[in-house]
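> Could you have a look at this structure, given as structure tokens, before my questions?
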Amino acid sequence: MACHACRMSEIVLEVADLRRLCTLFLDAVERRHGARIDLSSLAVDYYWDLPLRAAFDMVNDPAPRVGTGQVSDDLSELHHLLDRSKNEGMILWHDVAHLCGLLRAMAFADLPDD
């Protein structure tokens, strides 16, 4: 059934599937780019960002809420998370947003040349 025809109750994410996909993705990144990626070699740091609530609001125009994110900030925040998670735990919405910034940077690094 096409997703647009699905009822919300039928849209189910299995965390085990997501975990497996993340492993497959990271394995592919490592094969293509190595175990250590110099993000400064991308020659990009800033990117357009849309707050979560605006991203899922299909009624209002998101343009006034478009901001910027920063790959170097995303990396710094995730390094802090590695220390913080031992004592304070994750702030899921915040930490996933930074992870998404880094994942998008890796996707950008893998774009074919125009």
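Let's see how each residue does on (1) surrounded by 14 or more Cβ atoms within 10 Å (Cβ to Cβ); (2) in a helix (DSSP H, G or I):
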{"position": "Ala54", "(1), (2)": "yes, yes"}
{"position": "Met58", "(1), (2)": "no, no"}
{"position": "Met90", "(1), (2)": "no, no"}
{"position": "Asp95", "(1), (2)": "yes, yes"}
{"position": "Arg104", "(1), (2)": "yes, yes"}
{"position": "Ala107", "(1), (2)": "no, yes"}
{"position": "Pro112", "(1), (2)": "no, no"}
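> With surrounded by 14 or more Cβ atoms within 10 Å (Cβ to Cβ), at pLDDT 95 or above and β-branched (Val, Ile, Thr) as the only criterion, which of Val71, Val66 stands out?
Exactly one of Val71, Val66 is surrounded by 14 or more Cβ atoms within 10 Å (Cβ to Cβ), at pLDDT 95 or above and β-branched (Val, Ile, Thr), namely Val71.
> Let me ask something additional. Looking at the range 38-52, which of its residues are surrounded by fewer than 14 Cβ atoms within 10 Å (Cβ to Cβ) and among the hydroxyl-bearing types (Ser, Thr, Tyr)?
Matches in the range 38-52: Ser40, Ser41, Tyr46.
> Still on this model: Just to verify a result, which residue in the range 9-37, among those that are outside any helix (DSSP H, G or I) and among the small types (Gly, Ala, Ser), is surrounded by the fewest Cβ atoms within 10 Å (Cβ to Cβ)?
If we take residues in the range 9-37 being outside any helix (DSSP H, G or I) and among the small types (Gly, Ala, Ser), then Ala35 is surrounded by the fewest Cβ atoms within 10 Å (Cβ to Cβ).
The values are calculated or read from the model by the stated rules, or taken from the named source; none is laboratory data. Computed from a predicted structure; not experimentally measured. Backbone-built Cβ (ideal geometry, glycine too); neighbour counts: all protein chains shown.
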